[in-house]
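The values are calculated or read from the model by the stated rules, or taken from the named source; none is laboratory data. Quick caveat: nothing in here was measured; it's all calculated off a predicted structure. Counting neighbours? That spans all protein chains shown, and the Cβs are built from the backbone with ideal geometry, glycine included. Keep in mind that these areas ignore ligands, DNA and RNA; they rest on the heavy atoms of the full protein, side chains included. Shrake-Rupley method; radii C 1.70, N 1.55, O 1.52, S 1.80 Å.
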Amino acid sequence: MKIEKCRKNAFVVIGKEGATSDGEGFIQKLWSDANAHFSEIQALAKKDENGNLVGIWGAMSDCSHSYKPWEDNFSRGLYLAGVECIHDAEAPDGWTKWIIPGFEYIRVASENKNTFSEVLDYMKANHIPLVGAVQDFSCPITGKNYMYFPIKTI
C-alpha cells in the first residue's frame, strides 16, 4: 500500500445524493442515476487543459452535511455520486451541490476491499487523526480509484 500526502483546496461536486438510511445498494443506485443523466451537468464539469474531466467523486459526509466522518463506526452517513465542477456552478433540479472543504489528505489507491480499514489501522498506529469524511476519487484519465483520508484542515 503506497501512502501519499497531498493538499486539495475546497472544491465543488455536483451529483446525486443519498443516505445509508436509503437501504442496501443505495450507492449503486446513485451512480446509475448520475451516469444515466450526466448530460444534464456535463457543461458544469471542471476540465483540464486537454478537455478531460478533472475528477469523479464518491463524496461522503456525516448526516449533518458537516463533512465529518460517517457515524456509528462508519455505518451511517451521506454519499454524493458526482463530478468535480466549476466553483460557481449551480446544481440543476434533481442534483445536489456540495462544497468539500480544503484538507491535507492521505491518498491511497483503492487496491482491494480492505484498503479503508488498512489505512485506518495505519493512521491509528501512527497517531494520525481522521479530521473529515473519507472521499472516493476516480481519475477519468487513468481509470484508477483512490481514497482520500483528510488529516488536516487547510
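Within the stretch 110-138, which residues are closer than 16 Å to TRP57 by Cβ and polar (S, T, N, Q)?
SER110, GLN135, SER138 - these are the residues of the stretch 110-138 that are closer than 16 Å to TRP57 by Cβ and polar (S, T, N, Q).
When residues of the stretch 41-65 are filtered for being more than 25 Å from LEU130 (Cα to Cα), under 17 Å from the mean Cα position of the chain (by Cα) and among the polar types (S, T, N, Q), how many remain?
0
Could you check the stretch 104-115 and list, in sequence order, the residues that are within 16 Å of the chain's Cα centre (by Cα) and not charged (D, E, K, R)?
Within the stretch 104-115, TYR105, ILE106, VAL108, ALA109, SER110, THR115 meet the criteria.
Mind listing whichever residues of the stretch 140-154 are touching a strand residue (DSSP E or B) at 6+ places or on another chain (Cβ under 7 Å) and either of a type outside the set (D, E, K, R) or not in a loop (DSSP other than H, G, I, E, B) (or both)?
Those that are touching a strand residue (DSSP E or B) at 6+ places or on another chain (Cβ under 7 Å) and either of a type outside the set (D, E, K, R) or not in a loop (DSSP other than H, G, I, E, B) (or both): PRO140, ASN145, TYR146, MET147, TYR148, PHE149, PRO150, ILE151, LYS152, THR153, ILE154.
Checking TYR122 against (1) among the aromatic types (Phe, Trp, Tyr); (2) open to solvent by 50 Å² or more (accessible area, probe 1.4 Å); (3) under 12 Å from the mean Cα position of the chain (by Cα), only one condition comes out false. Which one?
(3)
Considering only the stretch 76-103, state which residues are outside any strand (DSSP E or B), within 14 Å of the chain's Cα centre (by Cα) and buried (at least 19 other Cβ atoms within 10 Å of the Cβ).
GLY77
Out of the residues in the stretch 1-40 that are more than 25 Å from GLU118 (Cβ to Cβ) and among the acidic types (Asp, Glu), which is farthest from the chain's Cα centre (by Cα)?
GLU40
Just for strands (runs of 3 or more DSSP E) wholly inside the stretch 1-75: which have at least 1 residues that are surrounded by fewer than 18 Cβ atoms within 10 Å (Cβ to Cβ), hydrophobic (A, V, I, L, M, F, W, C) and in contact (Cβ under 8 Å) with a residue 60 or more places away in the chain?
Fully inside the stretch 1-75 and qualifying: 3-8, 11-19.
Within the stretch 104-119, restricting attention to residues that are open to solvent by 10 Å² or more (accessible area, probe 1.4 Å) and not charged (D, E, K, R), which residue is nearest to ILE3 (Cα to Cα)?
ALA109
If I filter the stretch 101-111 for residues that are under 19 Å from VAL12 (Cβ atoms), without any contact (Cβ under 8 Å) to a residue 12 or more places away in the chain and not small (Gly, Ala, Ser), do I get at least one hit?
No, because not a single residue in the stretch 101-111 is under 19 Å from VAL12 (Cβ atoms), without any contact (Cβ under 8 Å) to a residue 12 or more places away in the chain and not small (Gly, Ala, Ser).
Test ALA133 against the stated conditions and say whether it is assigned to a loop (DSSP other than H, G, I, E, B) and open to solvent by less than 70 Å² (accessible area, probe 1.4 Å).
Against the criterion (assigned to a loop (DSSP other than H, G, I, E, B) and open to solvent by less than 70 Å² (accessible area, probe 1.4 Å)), ALA133 qualifies.
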